[in-house]
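Single-structure report; data block below.
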Amino acid sequence: MRDGRRTRAIARASVALVCAAVAAGALAQGRTTGREPADDATPRRGTERAMGARAGREVSLAAAGDVLAHGTVEATARRYASRGGYLYALGAVRASVESADVGFVNLETPLTTRYREVNTSRWPPTLGSDYGLERAISMTGFDVVSVANNHALDQTESGLAETVERLRAARLGAIGAGPTVDEAYGAWVVQPRGVRVAFVAFTHPMNPVGSVPARRVGTGARMYVARLWDQERVDAAIRRAREQADVVVVSVHWGGNEQAESVSRQQRRRARDMVEAGADVVLGHGPHRIHPVEEMESARGGALVAYSLGNLISNMGYRYRRGMRLTGMTHPSNGHPGNRDVVVLRVTARVSSEGRVEIGDVTADLYWTDNVAAGDIREVRVVPIRAMESPLREERETAMRAALGPRVQVTSPGR
């Protein structure tokens, strides 16, 4: 099932949107509310039945960082419409994602431009894309997508509702937002290889968009985003996901400096809190740089924390040239090469017959965001690190290995 082709069969009979019990009364009585996703929202992978329960069950997860469809990224997709559009920009990672049983990514771009003008010249930028990005994410092999991040409301609550609808129409599980608080904090549960895996997502920051006028009357949709600062709800959501699954994966968009070079003490504390609440894998986002991957002990055996997976694709770091030094004239988000480093992290989790979780192999395939002038536009796409020219290849491979840390076995996909 790990031969680089889409041979994994994720049984979807048990896929459910499991809403965390967040109301005070429900918490006190241990109840939950939930609903099955609509037929056309059911994730797309396979119709085969999952492998039966057995001792030593194993599941693998592929996880990538932030998808930011900046203007140059979308321009690349439109320029290469005949070659798949956004798939042309993202497709290099497909084999890495499909080699795992389930794929996850963090989407930082609303899937519409109807409600606010897209503007990347101001800070923070207002993002949006209506050019089929969700289809490319699906075709690249991802199954579950977090929308809990600082760009969630860039296109208003109506735009967020449309984003979730489009993701589910593309047979993708969307987590971290919903029309009720319960659904925003709820888990998306999949069952590959007979192992129930629950995903939940939370974000600390939300970009201030009140000063950006809406250019279209919204649909009146009311949408909530799962917030990290509400620790009681976060812990309750993780505990409820724990009751529903063998393995719990938490996506967290940290607050603080988004160009941070290292993990903060607060992030380590919150990661520990999540593990104690029931998380087995914590996937961090927000700094746009790759941060260490570390193992923690847990009451269930072991847990893994990837403090930041960096970016999957963006226009960040576009000014970087090998050997350049950042000055006050260049913002780190535009000039730091770490914003262009790309990793697909693969984690294997083993579940014993007693329900204990052991973290097995942790590997990473390394890529790079190629960003070059192509006529009157810049062309942005992800490429395998081995496709890069020396000595830039050695520079970035060394940097990514150091950033990930010793727990990760690094591989470098070929051309």
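Annotations for the structure displayed:
- Derived scalar couplings between HN and Hα for segment 70-84 equal 4, x, 5, 5, 5, 4, 4, 4, 5, 5, 10, 4, 6, 10, x Hz in order, rounded to whole Hz, by the Karplus curve 6.51 cos²θ - 1.76 cosθ + 1.60 (θ = phi - 60°), x for Gly and Pro.
- Remark: segment 121-217 carries a charge dipole of roughly 220 debye about the Cα centre, counting +1 on each Lys and Arg Cβ and -1 on each Asp and Glu Cβ.
- 5 angstrom amide H check on G173, placed H, neighbours 5+ away: V144, V145
- Subtracting the Cα-Cα distance of Q231 and R386 from their residue separation scaled by 0.36 nm leaves 51.6 nm.
- Simple spin-label estimate for E395 and N119 gives 3.5 nm between the two label positions (7 Å along the Cα-to-Cβ direction from each Cα).
- A convex hull fitted to the Cα coordinates of segment 99-240 yields 111 cubic angstrom per residue.
- Dipole magnitude (debye, nearest 20) for segment 143-278, charges at Cβ of Lys, Arg, Asp, Glu: 140
- Modelled FRET efficiency - R0 35 Å, A81 with A373, Cβ distances, 0.05 increments: 0.95
Quick note: the coordinates plus some simple rules give every number you see, no bench work behind them. Predicted model, so just to flag it, every value in this text is computed and none were measured. Note that each Cβ is placed from the backbone with ideal geometry, even for glycine, and that neighbours are counted across all protein chains shown.
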